[in-house]
Amino acid sequence: LFDAGEPINRQFPFGQEPDRYALVAADGSQILPDRHKPFVFAYVQAGCAGLVYGKPHQPLVEQLRHLRLSRLIEESELFDESTGELKPPTEVVNQRDLMEIELMAQACRMARGADLQPVLVADGSLVPFALLTSRNLAYDAERLL
């Protein structure tokens, strides 16, 4: 479905390690809605952390620690308007993934602004793979991407 034209198990050399760089990671979590609770909601959050190599006493490390996003998703957003059904959990997970991507993009800009080469580390699913479970791929892809 998402063919990039190269084998998935192909290895790429890292290349020469830069003299100065920022190793940056973002990770998040979520609380999924439970229709059996008195208040239906979801919550997503993501944070960022980083290490700087080759440049001592870099304030970027402290700045990255404070880089975070969170969002309460209210009941009205959790139900499909056309069916009245609770949206699938992947909707909330995708929002968390997008938050992580936004944080990594912001961290990259911050690292570049500090004259450092950003090196990103990501875990978990990628949004395109989460779309494989979508009930309406065209709609979800447009909305999420």
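The values are calculated or read from the model by the stated rules, or taken from the named source; none is laboratory data. Keep in mind it's a predicted model, so treat the numbers as computed, not measured. Reconstructed Cβ throughout: ideal geometry from the backbone, glycine too, with neighbour counts over all protein chains shown.
Of the candidates P18, P7, P56, the single residue that is more than 19 Å from A107 (Cα to Cα), assigned to a loop (DSSP other than H, G, I, E, B) and either touching a Pro at 6+ places or on another chain (Cβ under 6 Å) or not aromatic (F, W, Y) (or both) is P7. Screening the candidates A46, A22, A42 for the property of being more than 30 Å from L116 (Cβ to Cβ), among the small types (G, A, S) and touching a helix residue (DSSP H, G or I) at 6+ places or on another chain (Cβ under 6 Å) yields one hit, A42. No other residue among F14, F39 is under 15 Å from V121 (Cβ atoms) and surrounded by fewer than 13 Cβ atoms within 10 Å (Cβ to Cβ) apart from F14. The combined condition, being more than 15 Å from E100 (Cα to Cα) and among the small types (G, A, S), is not fulfilled by A25.
Looking at T90, T83, just one residue is surrounded by fewer than 12 Cβ atoms within 10 Å (Cβ to Cβ) and either β-branched (V, I, T) or in contact with a Phe, Trp or Tyr (Cβ under 8 Å, 6 or more places away or on another chain) (or both), and that residue is T83.
Of the residues D80, D123, the single one that is on the phi < 0 side of the Ramachandran plot, touching a Lys or Arg at 6+ places or on another chain (Cβ under 8 Å), modelled with pLDDT under 90 and not basic (K, R) is D80. Restricting segment 62-76 to residues that are in a helix (DSSP H, G or I) and without any contact (Cβ under 8 Å) to a residue 24 or more places away in the chain leaves a set whose member that is nearest to V44 (Cα to Cα) is S76. Restricting segment 56-73 to residues that are more than 21 Å from the chain's Cα centre (by Cα) and surrounded by fewer than 15 Cβ atoms within 10 Å (Cβ to Cβ), which is modelled with the lowest pLDDT? Only one residue fits best here, namely H57.
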